[in-house]
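K.L.:
Handing you a structure now.
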Amino acid sequence: MASKNQQPETADTAAPKLFSIEELKDKKKTPAPIFSGMCAALGWKPGKMVTEEDFDAAVGKFSGSPIGKKVK
């Protein structure tokens, strides 16, 4: 059986870089109430590692949710 050609990892094929959620909170200056609510809603525990894109998406989704808004 022929072996597959395996190319070395490049910047395009490298695994996405992960950061702790606390590090991203500080880096992006996410307000504490938003961060706490987002973590509670998503079940994220301290020390969770995520990509920057996943963190941004989670903040955007939580910030745009109807939690705490009056419903007419």
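The values are calculated or read from the model by the stated rules, or taken from the named source; none is laboratory data. Source: prediction; values computed, not measured. Here the Cβ positions follow ideal geometry from the backbone for every residue, glycine too, while neighbour counts run over all protein chains shown. We work out accessible area using only protein heavy atoms, side chains counted, and drop any ligands, DNA or RNA first. Shrake-Rupley method; radii C 1.70, N 1.55, O 1.52, S 1.80 Å.
Yes or no, residue by residue, for (1) part of a loop (DSSP other than H, G, I, E, B); (2) among the polar types (S, T, N, Q); (3) at pLDDT 95 or above:
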residue	(1), (2), (3)
N5	yes, yes, no
A40	no, no, no
S65	yes, yes, no
K69	yes, no, no
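K.L.:
Could you list all residues from the stretch 42-58 that are part of a helix (DSSP H, G or I), open to solvent by less than 40 Å² (accessible area, probe 1.4 Å) and modelled with pLDDT of 95 or more?
P.N.:
F55
K.L.:
Please identify the pairs in which a residue from the stretch 24-35 that is within 16 Å of M49 (Cα to Cα) and in a helix (DSSP H, G or I) has its Cβ atom under 7 Å from the Cβ atom of a residue that is among the charged types (D, E, K, R) and open to solvent by less than 70 Å² (accessible area, probe 1.4 Å), counting only partners at least 6 apart or on another chain.
P.N.:
Going by the 7 Å Cβ cut-off, the qualifying pairs are L24/E52; F35/K25.
K.L.:
Quick one: is K61 assigned to a loop (DSSP other than H, G, I, E, B), modelled with pLDDT under 95, open to solvent by 80 Å² or more (accessible area, probe 1.4 Å) and among the basic types (K, R)? First the steps, then the outcome.
P.N.:
Values: assigned to a loop (DSSP other than H, G, I, E, B): no; modelled with pLDDT under 95: yes; open to solvent by 80 Å² or more (accessible area, probe 1.4 Å): yes; among the basic types (K, R): yes.
So K61 fails the test.
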